Amino acid sequence: MNADTTGPHVVVAGGGIAGLAAAHRLALAGHRVTLLEAGPRLGGKLLAGEIAGAPVDLGAESLLARRPEAVALARAVGLGDRLQAPVTTTASVWSRGALVPMPKGHVMGVPGDAHAVDGLLSEEGVRRIGRDGELPPADIGEDIAIGAYVADRMGREVVDRLVEPLLGGVYAGDAYRISMRAAVPALFEAARRHPTLTAAVRAVQQAGATVPADAAGAATGLGGSVFLGIEGGVGTLPGAVADAIRAAGGTILTDAPVTALRRTGPTGWQVVSGDRVLTADAVVLATPAGPAAALLAPHAPAASAELGAVAYASMALVTLAFRRSDLPALPGSGFLVPPVDGHTIKASTFSSQKWGWVADGAPDLFVLRTSVGRHGEEEQVHREDADLVAASLKDLAAATGLAARPVATTVTRWTGGLPQYPVGHLDRVARVREAVAALPGLRVAGAAYDGVGIPACIASAHRAADEIIATSKRTDPGAGHSR
Ligand SMILES: Cc1cc2nc3c(=O)[nH]c(=O)nc-3n(C[C@H](O)[C@H](O)[C@H](O)COP(=O)(O)OP(=O)(O)OC[C@H]3O[C@@H](n4cnc5c(N)ncnc54)[C@H](O)[C@@H]3O)c2cc1C
């Protein structure tokens, strides 16, 4: 397929999954697309790698299949046959020195029934949940920190032992600061309508139960699994999307940081990357918030300041390969760690037990990973590799009895890995979008906006691309034809 060199030219800054998804959408709609990635490789937080010769994900590893975007993109770029449901999703919580099965019947750790958390919470903690029914209805206003709200209604133990570790897994953040409206929107809306939090949780659970067999899960034909992986790694998705962009005539450049944006007349842009100056009819900024803020500063100072204030959590993933025969039986897919217990690791995933493709790739090995670091713990992430490995092994031994030495280890640092969504985040994003939309042909996308998960990043990219496609159709009805 040849590029239509007369169509509108769109430059996408950032080659993470958001930038790639935007470029893909635009290229398929017939736009000339140039994607500029600052680093030497595409994918951002998606990274396929290997340990002891076995393939593994060294970054993001699973796709939420309840939302359609990620699964649909994987299918569109030819990875449909490689989508894999986890072998097991039975996780534990390492709490007060024991691995306790993760309770069922909760929404992001908030139980719909106090007995759902028997065994994990103390008797006093379980009793405290019942107070929710006695308290007067709370006014949660336009947003509230999920930790503070849940602690008020059901006690701190629910937050410290369930909500915090679960949210920590997604945001590497602090439940007492994270926006309930942004992080758990369905529960936030339900909590506004119901007098108690318990009633709100039950309403969300019931609404979930009425979605036919989990809409997207059923459509995947993969047993209605809530999460899916990709054989070879979720980290293979960026390369497949890039191939599809090139096949549709798009151009992708790496080692090409966008360093400045300039207006050319009322609608056009010049995109500067080192010595290169590209002329564009539209631009998608799909970088993290910091670089987007710098590029927007001359054109939308207020939006730039808002984006510049978005904080990020850094984390490290410690991937360990053991001889399978050296290990004790480990339960399920891994475990979460409540920070209140003061351990170094915040979670561990038993990759060889969770993903068939990891087990098949190295039948004699057992691969697992731990994660270290959350918002405000920058120093943890920058400890020496050997230190992080030793701390991981110490915690693994205490949690599971694992005493073996690994045959290989890899530490992957994700500095600025996850944007934080504090109370008011969605209003901030609305203000940024409004200011950016006043600039013709400019859009933003990525993890800093509507959700940090891969499907949410893709959705924000599609939104940006669709708005550009719609505008170019209005200004030039012959442009943006479908290929
Ligand atoms: C360790 C880890 C594990 C995760 N696990 C999961 C998971 O299992 N499932 C899930 O759904 N989500 C997961 N997430 C979250 C998810 O992976 C990310 O939120 C998402 O991939 C972010 O995509 P993005 O395109 O918005 O940003 P990024 O991946 O950050 O990509 C942005 C790109 O922009 C580039 N860039 C920066 N500045 C410039 C510039 N000036 N010019 C050009 N390019 C620039 C960067 O180099 C980068 O490649 C995880 C995140 C981390 C850190």
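Readers should treat all values here as calculations from the given coordinates under stated rules, not as data from a laboratory. This structure is a prediction, so every number in the text was calculated from the model and none was measured. Here the Cβ is made from the backbone with ideal geometry for all residues, glycine too, and neighbour counts use every protein chain on show.
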So in the chain, what percent of DSSP beta bridges are antiparallel if you round to the nearest 5? 70 percent
May I ask you to list the residues of the stretch 90-107 whose amide nitrogen lies under 20 Å from a point 7 Å from Cα along the Cα→beta-carbon direction of Glu123? 96-98
In the stretch 358-409, GluC sites (Glu not before Pro) in a DSSP loop with at most 10 other beta-carbon atoms within 10 Å: Glu384
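If you place +1 on the Cβ of every Lys and Arg, -1 on the Cβ of every Asp and Glu, and leave all else neutral, what size is the dipole of the chain about its Cα centre, to the nearest 20 Debye? All intermediate terms of the calculation are to be shown ahead of the outcome.
Values: 43 positive and 46 negative charges, 142 e Å.
Dipole about the Cα centre, nearest 20: 680 debye.
Given that compact globular proteins tend to follow 2.2 N^0.38 Å, what is the ratio of the alpha-carbon Rg of the stretch 360-454 to that value?
1.60
Per residue and in cubic angstrom, what volume does the convex hull of the Cα atoms of the stretch 140-198 have? Provide the component values of the computation, followed by the final result.
Numbers: hull volume 4.2 nm³, N = 59.
Taking only Cα atoms, the stretch 140-198 has a hull volume of 71 Å³ per residue.
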Over 17 Å [Cα-Cα, the stretch 420-464], rounded percent: 32 percent
Cross-chain or 8 or more residues apart, Cα under 29 Å: how many lysine pairs in the chain fit that? Count them up, please. 9
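Based on the alpha-carbon gyration tensor of the stretch 67-146, what equivalent-ellipsoid semi-axes (square roots of 5 times the eigenvalues) come out, in whole Å, largest first?
Ellipsoid semi-axes (Å, largest first): 35, 22, 9.
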Find how many whole Å separate the alpha carbon centroid of the stretch 363-399 from the alpha carbon centroid of the stretch 1-74. 29 Å
Can you give the helix-only mean residue ellipticity at 222 nm for the chain, where every DSSP H stretch with n ≥ 4 adds -39500 (n - 2.57) and the sum goes over all residues, rounded to the nearest 500 deg cm²/dmol? -10000 deg cm²/dmol
Report, in degrees rounded to the nearest 10, the 0 to 90 angle that the Cα long axis of helix 385-400 makes with the longest principal axis of the chain. 40 degrees
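Output the Kirkwood hydrodynamic radius of the chain, Cα pairs only, in Å rounded to one decimal. Kindly include the intermediate steps, with their values, before the conclusion.
Numbers: mean 1/r = 0.0425 Å⁻¹.
After inverting the mean inverse Cα-Cα distance, the result is 23.5 Å.
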Rg [Å, one decimal], Dmax [Å, integer] - the stretch 103-207, C-alpha atoms: 12.2, 34
